[in-house]
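Below is one structure; the comments refer to it alone.
Rule-based calculations on the coordinates, nothing more; no lab input. This structure is a prediction, so every number in the text was calculated from the model and none was measured. Methodologically, a virtual Cβ is constructed for each residue, glycine included, from the backbone with ideal geometry; neighbour enumeration extends over all protein chains shown.
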């Protein structure tokens, strides 16, 4: 199967070029863009909903939802009256830069401060494909278990911040916080970390505050110095 | 990116050939083989542990574990004194037939009744790659949410049985059982379904009984009439 390698490289380098193009469009419009990744059911859409509720008074937020099928998530978010674009990947296990590029004409980038991209529920493939966004966010959750950093190191290394959701059910699961944190620290030292519950709202404010600080930083330095994500 | 398609087809057809080879080896040895798929943290390893505890007195069980990194799961299962082989996929998001083929010489197929393969935690990619096994098992779990059949239809269509784990925390989550079952029924009518809790043991016996019946059926008709999985 060695002959597949150049093609894979081609795809990734093509993806990279389009990711740069997306990034330019974000920066021209002054749009701070984040990409949310997680296992299926960790709470991506819930966190996005809570974020929009907490911050849409201050910032103009837009949303792109990547799913294999259905528009269940996009419909939920559209109810909150933010511009929402649905991408159905047609079975593909991750978003790529071209899917984002095709979605952008449906948004008013010049009238957007924060773009939230929700990736396909998958702890493996999404990190391999840059989208052109500024920050990668991983949502872990208590029921998934404390060994996930060790078992999915690529994902834990590839993100800029971790949200640990479903803290309200911590007592119902054998989740060793120290063991989890230790795994994260080995892979991605000093990473920002927000334990919270989208159900009770506990900890959501700290996450929103982090996002506010990041947006401020971005607006101050006009998109300079961000690694391609 | 149209030029990638023939290569993908090549890979899948090569995979198919090797899957057939695996199947022949299973059937020569009289080994009933199952493939367990799930989201990260749904409880694949816990279900395997419970299955081995409940059935290793009756059947000779062997185990192949697919993980991106670490041997955490294989080590857990090896403690139960069944032959266990670890496959590290090196970042790849699914097992393929060749990985299984390479693992088989490490097992005594002539002295195995049941082979349990644990796939990489992923609700998307694993269904596209036949391994040569006889039955595909999906482990869903309550905390993941009731909308997963609708959002990951490929996975729910590609399996022969569904285990719904973590029933002990049903009351802590907004999980509409009817909605979940309805999604499953649309995609895969009449599918066997086992709600259970690996933590409390509730419902595990019914799952083990299903497996016993399947092994008996397999041993009776010597591997005839099984679709490639």
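List of remarks:
- Label sites at residue B:79 and residue A:88, each approximated as a point 7 angstrom past Cα along Cα to Cβ, lie 4.5 nm apart.
- The GNM of chain A, with springs linking C-alpha atoms under 10 angstrom apart, assigns the highest mean-square fluctuation among A:160, A:75, A:174 to A:174.
- Globularity index of region A:105-218, i.e. its alpha-carbon radius of gyration over 2.2 N^0.38 Å: 1.13
- With the helix formula -39500 (n - 2.57) applied to DSSP H stretches of n ≥ 4, chain B reaches a computed 222 nm mean residue ellipticity of -12000 deg cm²/dmol.
- Across peptide B:170-176, the mean count of Cβ atoms from other chains lying within 10 Å of each residue's own Cβ comes to 2.
- 7 Å along Cα→Cβ, label-point gaps from residue A:179 to other copies, nm, shortest first: 3.2
- Hydrodynamic radius of the protein assembly as shown by the Kirkwood approach over all distinct alpha-carbon pairs: 23.0 Å.
- Copy-to-copy label separations for residue A:75, where each label sits 7 Å from Cα toward Cβ, in nm and ascending: 4.5
- Centroid-to-centroid separation of region B:133-157 and region A:107-151 [C-alpha atoms, Å]: 21
- Region B:48-71 versus region A:51-83: alpha-carbon centroid distance in Å: 42
- Distances, shortest first, from the label point of residue A:224 to those at the same position in the other copies read 7.7 nm; the point lies 7 Å along Cα to C-beta.
- What the Cβ-Cβ distance of residue B:220 and residue A:212 gives, at R0 = 60 Å and to the nearest 0.05, is a FRET efficiency of 0.35.
- Note on chain A: Cα-Cα pairs beyond 31 Å make up 18% of the total pair count.
- Summarising the rotation from chain A to chain B, the nearest chain A beta-carbon to the axis and its distance in Å are given as A:143, 2.
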